[in-house]
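Asks: First the structure, which I've put down as C-alpha cells, then a few questions once you've had a look.
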Amino acid sequence: MGICSSRQKDNLLSDVDNIPLLTRGQLGFDIIVENIKVKMDDIQSCKVKVIISNYSSFETEIENEIQGQFYFKHIHKFQLKSNEEQLKQQFVIVELKNEKDEQISTFNLNLYQIATGPFHFDYEISQLGSRKHGKVSFDFKMAQILIVRFIPKLIDFNLEEPLNKHEYCFQLRMLTSQLQFHSEYSPVFQNQLFYKTQQIQSNKQILWKDSKVEMEVEVPLIEITSSSIQIALFHIGKDGKKEIECEAYVNLNYALNQKAEQIIDKGIKSYKIDWKQNNRRVWNHGVLEGILNYHLEIILPFHLKQQIVGVRTDKGLSQGTRVINQAKASIREIQQLSSAGQGLLDTQYIIFSKTEPDSQLIQQQNDFIIQIIDNLKLSHKQSMVCFEYKTQQDLFNSQKLLIDLAIKLLETADQQQETLREQYYTILKLIMNRGELSLAQLGFSDQTQKTNEKLLKLKMEIGLTYQIFLQKGLSITLEKLKQKSLAQNERSFVENFFANAYFRVPEFRNRIIVCVQRTDDEQIPEWRSLTKSTGGIPNQEFNDIFDWNKHFYEYLMKQPKYYANNHKMNEIINQQMWQNQLGKRGTVFFLFIQEWCDLLNTYIINTKNVPYHQLPGYFQLIKAFFVELKTRQISNYPESLKIALCSLLRNTNLLNTIIIILFSKVSLYNSDDVVHCLDLLNKCFLKISQFNLCMPSFLDQKYFLKGIRVILTQSEHAQSIAKCLELIYTNYILFPVDLKKELTDMIFENLAIKFFIHWSYNVRLIFRYFLIYRIFHLHKPLKDREFNEEDLIEKYQEQLKPKKQHSYFDQRNSSKQIISEYIYLKYIRFMQQIEEGKHLKQQKTCHLNLNNITRIEELKYKLNKLQSKLNNREKDDSFIQHSFKIIPNNQIDDTVLPIQTTEQNSEKLVLNKGKLPIQQIILSEIQLKYLIISCSEYEDSILQYQKWRQTNIPDNYNTLKEEQILTVIESFVVPVVRILEIQDKNEGNLIQRDDW
C-alpha cells in the first residue's frame, strides 16, 4: 500500500496487446543476463535454465547452498532480432532444477515487458506439488541496437590567441567506454589573413555552417547514453598532416534528455534533438584554448527503452522489491524483536529505579540488546535489509514497533553506561536503515486512498510518529556535532542520520545546500564533464525515489499534528551552530559526503547512466567539494576527504575533473606531492573497479597521458617512478584499449630498458610484474602465430579511419584483438633484446672467472685456450653487438644512459622469423651490472607467475571457448606489489636517491 504498489495494474499480460506500437519493422537487441540468485528452503543444490523464446537458451552450473541462498556466476550474452508485435507474443521461460535435472519450479516473462520495464527481476516461486516457497532474482539487460546520426549544423571556435596556421578542419568522434568512431574531416577553413601579417592579431574565429559532415553509428542504446561526442579542431601542416589544436566534449546522456521533435527520417519515425551550447570551453592537454559555440543535430529512431530504476516482481512493477508476501507465515523475527524490545525497556526502567548497579540486570539488559541487534540484521530480501510480510497489517505493525522502539532508545541512549550506549546507537542505525522505513514502504500514493479506512488511519499515525522520530533524531544528531570525541558507533549513527535526513527532510536538505556555498568560491574551469542540465526532460521514476514531499509529507499535511511537528523541526534546523560547522567544509562536510554517497547507492540498483544532475543539490555539493580539493595542499588532505573523493566516483563523470585538479597541483620536483597524487589516483581507479564501472567516455586521455609521461620520463626520483608504474599495473584492466596502446607505445619505445635495469629495486620489481602479469598474461595469443607489425598497424588505422558509417559490433572485437596483438608484438621485441642481455650475463661471468684464477704456470696453456674460445664466441654472437654497447665508467660524459639508437631497416619486419631491428642500446658498466641482476630476477618471477597461473586456472578451462578463456584470464587477481620506502642502500641514501 506504499508507493511500491502504485503501478501494478500496468503489468497484467493482457494489457500488453493494448499498448500502441511505438516502432515499425525489425529491431535488434543486445542482451546480457547475469547476477542470478536463488533462495529456496530445503534444497541443497540447484541450477537455473533460461529459454529466451526461440532465440537462445542457457543453463548454469549446479551450485550449492551458501547461507540459505544460491549464487550463479554465469553470464549469458547474445543478440536477437524481432519486431514489436512479435515481442508482445514471445516469452522467456525460467526453470529451477535440482542436480537430477528435475524441475523444481518455473515461470514465464514477456519479452516486451522486459524491453520496456526495469532490468532487475525479483520473482516469488513455489515448488511444484509442494507448499515450499522461494525467490529467484536476476538482471536481464535488453538494449535496443540503434543507428544514431550526428549532424553538426554550426561549429564556431573562438580561440584565446590569434590564428597562426593557414588551414583548419574539425572532426566528430563518438567515444564509448572502450571504442571510438571518427567522422570524416570537415571542409578546410582557410585563414585569409595568414599571409597579411599586419592583420593577424584580429582573427581568432573559425566558423563552419552546414559543413556537410555527418556521422552514423550502429550502437546499443545503453552505450549511447554512456558515451560522448568529442568536437576536435585540427590545423593542417604543409605536408597535409593534421594535428589537434583543441577539443570539447558533449555528454550524450544530457543531450538525449532534451526535448525531441518527432520526424520521419529515411522513412523511419525518429526523434530529432537540437543540442545547442554556447561558450563551451575547449582544451588542449589541459590548457584552455578558447570557447566553442555549437549546434549539434542528433537523430535516432523510435525505440524501446528499459527503466533505470524499479523492480519487476511476480505481482507487477514496484519502486523497490515487494515486502508483502501472502504465502508468508507470521514473522517470527518480528515477534522476537517485539519481545526483546519490551524486555529491554522494562529492564532499563528497573535499573534506573535502583540506587546501585545490579550486575544481573545489566547482563540481562545486554542479552536483550544482542538479541535485538541480531534480529535487525536479518533480512528476507537481497536488495535491502527487510522482512517479507503476509499482510499490510503485519507490515504496519512492524513499522510501528520499529519507530516506537527507536524513539524510546533515542530518549535514553545517553543515560546508559558507555558500552551499552554504543550498542544503543548500533540499534538506532540499524533501525534507521531498515527497508520497512524507506519511502517505498512508508510513502503514500493515489492507490493508498482506496484502502479501508482503518488501515489508512493506522498508516497516517505511523507517518506522524516517524516525523517525530526524525525530529528527535535530528535534534540529537546536530547537538552531537559539537562534541569532539564521540565513541565509534555513536559517531557512525550521527554521520548516517545526518546523511539520511538530507533525503528525508527537504527543509534540512535546502539548509545544507545553502551552508556549503560561499559567495567568494572560485569557478572550477576543470569541471568540464558535468554541467547543469537545463531544459531537459526529468526522469520521473528516478525523481520519485527521493521525493519525500510528494509521496509522504503532502499526505500528512491533512493532519493537524503535522504542523506542530513541522514547527519543532524548523526550530531545530534553524540552529546556527551546526550550520557554521558544516559551512567550514572540513571533516564534518567530508564525512557527510561519504555517507551521502553510500546511501545514494542503496537507492539505485542500476549504477550505470544514473542522472545524477537531477538529484536535488547535487551540483552545489560537488562544487563545494571540488573547491576544497583545489585549494588545499595535496599533502595535507585529511583521510576523510580522500574517502569522500573515492565514494563520489560512483559517478565516473567526475574522474576527469579530479585528474586535472590533482595533476595541476603537483610539481614534478616535489616528490612527496607526486607520490601523494599518484596514491590518491590509484585509490580512485580502484574504487571505480570495485563499483564494477568503466572509465568515462570523455576522459581527457591526452592530458592523463601527458601527466604519466612527464613523471616517467623526467622524474629522477625512484619512488615517483615506481608509484606511477604501480598505478598503471594495478588499473591496467580498467583502461580502454586505445589508452592501453598509448601507454605501452610510450613504455616500449622509450622507457622499457631504463626501467628493466633501473638501480632501484622498487622500479625493477613493479616493471617486471607489469611485463609478466599485465602484458604477457593478458596479451599473449591463445594460439601461437606469426606477427607482422606493418599489417597490424594498417589494420588498426583502418579501424580508426574517418568515415560516415560505423558499427559498434564490427569494431568491438576486432579492435581489441588487433591492439592486443600489437602490444604483444612490442613485448616480444623487447624480450628478444633481454634474451641478448642474458648472453652478456654469461660473458660477464666468464670474465669474472678468468680474473679469479690464480696465475700458476701450469695453467697458462689452458687459460690461453679458454680466452681464444671466448674471443671466437664474441665474433659468432654478432647480434649482441647490434643491441648492446658497453661504455667503461671512466669514459662516460654528461649523457644520460641508457641510450637506445635505431638504424632504419628497409626490410619488412616480421617477428618470429629471426629478423630483428638493427638497434643498439648503450649502457655503462654499472648499468650492465643491473642488467645481469634484472635478468636473474625476471627468470625467478616467471617461475612464480607459472605457479600463480596454475593455481588460478579453473577446472573447466580446457572446455571453454576462446572468448570465455579471455574473460577468465582477465578475471585473475594479480599479485599486489608493495612499493617499499627503502629497499637498497641507494634508495635509502638521500644523496644518491636521484642518481643512476
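The values are calculated or read from the model by the stated rules, or taken from the named source; none is laboratory data. Everything numeric in this text was worked out from a predicted model, so none of it was measured. Neighbour counts run over all protein chains shown; Cβ positions are idealised from the backbone, glycine included.
Asks: With the requirement that a residue be more than 23 Å from LEU376 (Cα to Cα) and either surrounded by 15 or more Cβ atoms within 10 Å (Cβ to Cβ) or acidic (Asp, Glu) (or both), what does segment 462-486 give you?
Replies: SER475, LEU478, GLU479, LYS480, LEU481, LEU486
Asks: So, one more: Restricting attention to segment 171-203, and to residues there that are more than 31 Å from the chain's Cα centre (by Cα) and part of a strand (DSSP E or B), which single residue is modelled with the lowest pLDDT?
Replies: GLN190
Asks: Further question: Can you pull out every residue in segment 258-275 that is closer than 20 Å to LEU27 by Cβ and part of a loop (DSSP other than H, G, I, E, B)?
Replies: Those that are closer than 20 Å to LEU27 by Cβ and part of a loop (DSSP other than H, G, I, E, B): ALA260, LYS266, GLY267.
Asks: List the number of the failed condition for PHE663; all other conditions in (1) of a type in the set (Phe, Trp, Tyr); (2) under 18 Å from the mean Cα position of the chain (by Cα); (3) under 17 Å from LEU727 (Cα atoms) hold.
Replies: (2)
Asks: List pairs: first residue in segment 298-314 and within 16 Å of LEU252 (Cβ to Cβ), second residue surrounded by 20 or more Cβ atoms within 10 Å (Cβ to Cβ) and of a type in the set (Ser, Thr, Tyr) anywhere in the structure, Cβ distance under 6 angstrom, at least six positions apart or on different chains.
Replies: Cβ pairs passing all conditions: ILE299/SER270; PRO301/SER270.
Asks: Look through segment 962-996, keep the residues that are in contact with a His (Cβ under 9 Å, 6 or more places away or on another chain) and modelled with pLDDT under 55, and return whichever of them is surrounded by the fewest Cβ atoms within 10 Å (Cβ to Cβ).
Replies: ASP994
Asks: Could you tell me which numbered condition GLU388 fails, if it satisfies all but one of (1) modelled with pLDDT of 90 or more; (2) surrounded by 19 or more Cβ atoms within 10 Å (Cβ to Cβ)?
Replies: Only one criterion in (1) modelled with pLDDT of 90 or more; (2) surrounded by 19 or more Cβ atoms within 10 Å (Cβ to Cβ) is unmet by GLU388, namely (1).
Asks: Under 9 Å between Cβ atoms, at least 6 apart or on separate chains: pull out the pairs that start in segment 553-571 with a residue that is assigned by TED's automatic domain parsing to the domain that holds ILE462 and at negative phi and end on any residue that is exposed (fewer than 13 other Cβ atoms within 10 Å of the Cβ) and among the aromatic types (Phe, Trp, Tyr).
Replies: Note: pairs meeting the criteria are MET557/TYR563.
Asks: Further, regarding this structure: Name the residue, out of LYS683, LYS687, that is surrounded by fewer than 22 Cβ atoms within 10 Å (Cβ to Cβ), in contact with a Lys or Arg (Cβ under 7 Å, 6 or more places away or on another chain) and without any contact (Cβ under 8 Å) to a residue 60 or more places away in the chain.
Replies: Within the list LYS683, LYS687, the selection yields LYS683.
Conditions tested, residue by residue: (1) under 19 Å from LEU474 (Cβ atoms); (2) in contact with a helix residue (DSSP H, G or I) (Cβ under 7 Å, 6 or more places away or on another chain); (3) modelled with pLDDT of 90 or more; (4) not acidic (Asp, Glu).
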residue	(1), (2), (3), (4)
SER379	no, no, no, yes
PHE396	no, yes, yes, yes
LYS400	no, yes, yes, yes
GLU418	no, no, no, no
TYR424	yes, yes, yes, yes
ILE427	yes, yes, yes, yes
LEU437	yes, yes, yes, yes
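Asks: Now for a separate question. Would it be correct to say that GLU85 is at negative phi and in a strand (DSSP E or B)?
Replies: No; evaluated as a whole, the condition is false for this residue.
Asks: Can you confirm whether ILE125 is outside any loop (DSSP other than H, G, I, E, B), outside the structural domain of TRP275 (by TED's automatic domain parsing), of a type in the set (Val, Ile, Thr) and crowded, with 16+ Cβ neighbours inside 10 Å?
Replies: yes
Asks: Checking THR23 against (1) farther than 22 Å from GLN113 by Cα; (2) in a loop (DSSP other than H, G, I, E, B), which single condition isn't satisfied?
Replies: Failed condition: (1).
Asks: Let me ask you something else. Looking at segment 326-335, can you tell me whether even one residue there is modelled with pLDDT under 65, buried (at least 16 other Cβ atoms within 10 Å of the Cβ) and over 30 Å from ILE273 (Cβ atoms)?
Replies: Checked against the condition, which is being modelled with pLDDT under 65, buried (at least 16 other Cβ atoms within 10 Å of the Cβ) and over 30 Å from ILE273 (Cβ atoms), segment 326-335 yields at least one hit.
Asks: Now a separate question. For segment 566-639, which fully contained helices (runs of 4 or more DSSP H) count at least 2 residues that are closer than 23 Å to LYS429 by Cβ?
Replies: Correct list: 576-583, 587-603.
Asks: Sticking with this one: Answer yes or no as to whether ILE753 is free of Cβ contacts under 8 Å to residues at least 60 places away in the same chain and hydrophobic (A, V, I, L, M, F, W, C).
Replies: No; evaluated as a whole, the condition is false for this residue.
Asks: Next question. Take the conditions modelled with pLDDT of 80 or more, in contact with a Lys or Arg (Cβ under 7 Å, 6 or more places away or on another chain) and among the aromatic types (Phe, Trp, Tyr) and apply them to TYR945. Does it pass?
Replies: no
Asks: Name the one entry in SER720, SER697 that is touching a strand residue (DSSP E or B) at 6+ places or on another chain (Cβ under 7 Å) and crowded, with 20+ Cβ neighbours inside 10 Å.
Replies: The match here is SER697.
Asks: Please specify each residue of segment 45-81 satisfying the condition of being in a loop (DSSP other than H, G, I, E, B), touching a residue at least 40 places away in the same chain (Cβ under 8 Å) and more than 31 Å from the chain's Cα centre (by Cα).
Replies: Within segment 45-81, SER53 is the sole residue that qualifies.
Asks: Evaluate segment 588-602: report whether one residue or more is on the phi > 0 side of the Ramachandran plot and surrounded by 18 or more Cβ atoms within 10 Å (Cβ to Cβ).
Replies: The answer is no; no qualifying residue exists.
Asks: Go through segment 215-243 and count every residue that is at pLDDT 90 or above, out of contact with any Leu (no Cβ under 7 Å at 6 or more places or on another chain) and among the β-branched types (Val, Ile, Thr).
Replies: 2
Asks: I'm trying to understand the selection: among the residues of segment 344-363, which are buried (at least 17 other Cβ atoms within 10 Å of the Cβ) and of a type outside the set (A, V, I, L, M)?
Replies: THR347, GLN348
Asks: Here is a follow-up. Does TYR168 satisfy the criteria of being touching a Phe, Trp or Tyr at 6+ places or on another chain (Cβ under 6 Å) and either crowded, with 16+ Cβ neighbours inside 10 Å or not in a strand (DSSP E or B) (or both)?
Replies: Criteria met by TYR168.
Asks: Moving on to the next point. Restricting to segment 265-297, what's the tally of residues that are free of Cβ contacts under 8 Å to residues at least 12 places away in the same chain and either more than 28 Å from the chain's Cα centre (by Cα) or buried (at least 18 other Cβ atoms within 10 Å of the Cβ) (or both)?
Replies: Within segment 265-297, residues that are free of Cβ contacts under 8 Å to residues at least 12 places away in the same chain and either more than 28 Å from the chain's Cα centre (by Cα) or buried (at least 18 other Cβ atoms within 10 Å of the Cβ) (or both) number 2.
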